[in-house]
Each structure stands twice: as C-alpha cells, then as structure tokens.
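I have placed the structure first, in the form of structure tokens, so that the comments after it can refer back to it.
The values are calculated or read from the model by the stated rules, or taken from the named source; none is laboratory data. This structure is a prediction, so every number in the text was calculated from the model and none was measured. Note: ideal-geometry Cβ built from the backbone for every residue, glycine included; neighbour counts use all protein chains shown.
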Amino acid sequence: MSKLTHQSYSFSHNAWRRLKKNKGAMSGLVIICIAILTGIFAYFIANDSTPNADRQIVEIQAKKPGYKKSFLKVKKEKDIQPTNFFEQLLNGKEDAFNLIPINDYQEEGDSVIVQKFIDDGVQEKLSFQKSKLPDDYIVSKTFWLGTDRFGRDILSRLIVGVRVSLAVGLITVLISLTIGVILGSLAGYFRGKTDNIIMWLINVIWSIPTLLLVFGITLALGKGFWQIFIAVGLTMWVSVARLIRGQVIALREMEYIQAAKALGIRDMRIIVRHILPNVLGPVIVIAASNFATAIIVEAGLSFLGVGVQPPQPSWGLMIKENYNFIITHNPMLALAPGIAIMILVLAFNLLGNGLRDALDVRGKV
C-alpha cells in the first residue's frame, strides 16, 4: 500500500470513528437509511399498494387515526393485468377489486347481503351473488393515521411520498454539486477575468430570493415531477460554488500545486486530481445541508401548487390538501406529513453537523 493510499485510508477510518461517536449524527443516519429503504419498498410496505397510493373510497373520507372498517371485495369489470415484482416495486399494482365499505353482512343461499356504509348512521342494503365474489370477499383494514378528504389512506401516501422528498433531494444535490464544483473550481483556480465573470453570475443569482427564482424556473419549465428537480437544483448551486472557490483559492498556493505546475501538468488535471479530492469534506457537508433544504423547498412549492401534481403523493401537497382540517375535527391529516418533513430534515441536519466535525481537516484523532 502506497503512502498516499495509506493516508487516505487512515483519514477515512478516523473520520468514520469520530462520526460513530456522535449520537446525533448516527441517529440522523439511521433515520435516513430507514427512509431510503421505505422509499424503495414503499409499495410492499404500504397498506394501499395502488399506483400513487390513490385508492379513493369517498364514503370513509376524513376519518381519524386508528379508524377500522370492513370491506366487501367486488371484482372490477375490466381485466387487470398481472404485475411482476419490479413493476410493483416501481409503480405499485392496480387493484383487481373495488372495496365497498360495509357495516354488516350475512349469507343467504348463493347470495351475500351487505349493509353498505354510506355515512355515519346511513346505510344501504345490497345483494351480491357469492359465485361472482372471491373466496376472501370480506376484508378488514385499519387506517392508522386516518384517511384524507378523498378516502385515501394517509399512512400509505406518507410512505410512498418519501420517494418524492428523497428523489428531489438527491437530484437537487447532484445538479447543484455539478454546477457549483465546476464553476467554483474554475473561478478559484484561474482567478482574473474568469473569476470576475463567475462571481458576477453568483452574485446575481444570490441576490434573487430562492423561492422567487424557483417560481420563475418552474413557470418556464412547467409544473411536474422532473421540472421541480431541475428548478430547485438550479437555485442551490451558488452556495456550493462560493465554498469551492474559497477552498480552491487557498489550495492553489500550496507547494505541491506549484510543483505540479512547474512539472507542466495540465491545469484541468491539477484541478481534478490534486485539488478537488482535498475539498471533498466540505462538499459532503454542504451536500447534506442542501439535501435538507431541497426537501423543505419542494414541500413549500407543492403546498403552493407549483410542485408535484396530484395524484402523486408529496408531503407538501398532502399538507395543502388537508390543512383546513387543522382547525376542525381531524388535525392529524395535515400534521402527519408536517411531522414527517420535520423528522427527515432534522436527520439530514444532524448528519451534516456530524460530518462537519468528523471531516474536520485540522487533524483530529
């Protein structure tokens, strides 16, 4: 093992050891790992595994947490194609049955007589041929966080909605890091006119309020899932560029960089091979911070109606759809996604603070 490789391994090992001692950072890391696994297997975990967790049963709208109801399964008229594992993993699977909420049922010969639930104190008597029903025609479901105004399971939409928050954070961080690292490196290394032009661009973008800039980009690109990724990512690169520029300015005067220049090594090779690896620590820290910020911005945009569009579940959109219930009988409809946002953002902030301490280049051991 070369000396450089050994030093790199030693630094990584010591950084990980320091991070493990930080209980807050490790708690955040655990929450993030749980969120990632939940997002990946959302449709296998959620009670409602339909695409976008959009099973609407209007008779049970706006029910409180812990609501339990029995349903009669009635086969849909159209044929539902079978869904394989990967299709369900990505998009869920469509229900082959309609679920009819019932208060009671009884079997009479080859018929099943049910009391269909319409509203509290209101029911309707219906009859179905048993031969046209599946073997397990009665199912019972518990809605642990209640249902929204369309009768959809809040917990299922929360679980599927974590995908949007994590995806927005990931794509945003990739876009902001790519633009910020490139422009910051060029500005810090070449200085002069290149630095002046890039800093002018940074200051212009910095002077525009983030939300206003996102609004403008979103209106130009249109509303939608992918548009929100690009819009948020294009507004968050300036902090990365300023940080990288400062780091590169300090490193370009180091002796090993001057030696590399004297040996005739190309500028881009010096930047990529000798400068950027030494600013990796601050980049990781700001990436965690930007991840948390992107989640909040996406939730805010969805709440205002310019982010993710229905019926796709987004935590911000769920708050928008149910915030009027806060002052009525069922505040959990809006509080649940708000608490989910708070926990996930807190987890990234805790991890970011822990990474900042663990990757401190002042030589802690």
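Has region 252-260 got at least one residue that is surrounded by 19 or more Cβ atoms within 10 Å (Cβ to Cβ), touching a residue at least 40 places away in the same chain (Cβ under 8 Å) and of a type in the set (Val, Ile, Thr)?
no
Among the numbered conditions (1) free of Cβ contacts under 8 Å to residues at least 12 places away in the same chain; (2) under 23 Å from Thr50 (Cα atoms); (3) assigned by TED's automatic domain parsing to the domain that holds Met236, tell me where Asp135 comes up short.
(3)
Determine whether region 194-211 contains at least one residue that is modelled with pLDDT under 85 and assigned to a helix (DSSP H, G or I).
yes
Can you tell me which condition Leu359 does not meet? The list is (1) over 22 Å from Ala231 (Cβ atoms); (2) without any contact (Cβ under 8 Å) to a residue 12 or more places away in the chain, and all the others hold.
(2)
Examine region 151-161 for a residue that is surrounded by fewer than 16 Cβ atoms within 10 Å (Cβ to Cβ) and either in contact with a helix residue (DSSP H, G or I) (Cβ under 8 Å, 6 or more places away or on another chain) or within 27 Å of Ile80 (Cβ to Cβ) (or both), and state whether such a residue exists.
no
Glu298 passes all but one of (1) of a type outside the set (Gly, Ala, Ser); (2) touching a residue at least 12 places away in the same chain (Cβ under 8 Å); (3) surrounded by fewer than 21 Cβ atoms within 10 Å (Cβ to Cβ); which number fails?
Glu298 satisfies every listed condition except (3).
Checking Leu99 against (1) farther than 25 Å from Met332 by Cα; (2) in a strand (DSSP E or B), only one condition comes out false. Which one?
(1)
Looking only at region 91-112, count every residue that is touching a residue at least 40 places away in the same chain (Cβ under 8 Å) and touching a strand residue (DSSP E or B) at 6+ places or on another chain (Cβ under 6 Å) and tell me the total.
The total comes to 3.
Going by the structure shown, is Ile217 assigned to a helix (DSSP H, G or I) and touching a residue at least 40 places away in the same chain (Cβ under 8 Å)?
Spelling it out, it is not the case that Ile217 is assigned to a helix (DSSP H, G or I) and touching a residue at least 40 places away in the same chain (Cβ under 8 Å).
Please determine whether any residue of region 302-309 is under 19 Å from Ile159 (Cα atoms), in a helix (DSSP H, G or I) and either under 18 Å from the mean Cα position of the chain (by Cα) or at pLDDT below 85 (or both).
yes
Give me the residue from region 60-93 that is part of a loop (DSSP other than H, G, I, E, B) and among the β-branched types (Val, Ile, Thr) and, out of that set, surrounded by the fewest Cβ atoms within 10 Å (Cβ to Cβ).
Among those that are part of a loop (DSSP other than H, G, I, E, B) and among the β-branched types (Val, Ile, Thr), it is Ile80.
Pairs please, first residue from region 225-251 and assigned to a helix (DSSP H, G or I), second anywhere and acidic (Asp, Glu) and at pLDDT 85 or above, Cβ atoms under 8 Å, 6+ apart in sequence or on different chains.
Ile228/Glu298; Val232/Glu298; Arg245/Asp195
Gln115 is checked against (1) out of contact with any helix residue (DSSP H, G or I) (no Cβ under 8 Å at 6 or more places or on another chain); (2) without any contact (Cβ under 8 Å) to a residue 60 or more places away in the chain; (3) under 27 Å from Met332 (Cβ atoms) and fails just one. What number does that condition carry?
(3)
Hey, among the residues in region 309-350 that are in contact with a Phe, Trp or Tyr (Cβ under 6 Å, 6 or more places away or on another chain) and in contact (Cβ under 8 Å) with a residue 24 or more places away in the chain, which one's farthest from Gly216 (Cα to Cα)?
Leu333
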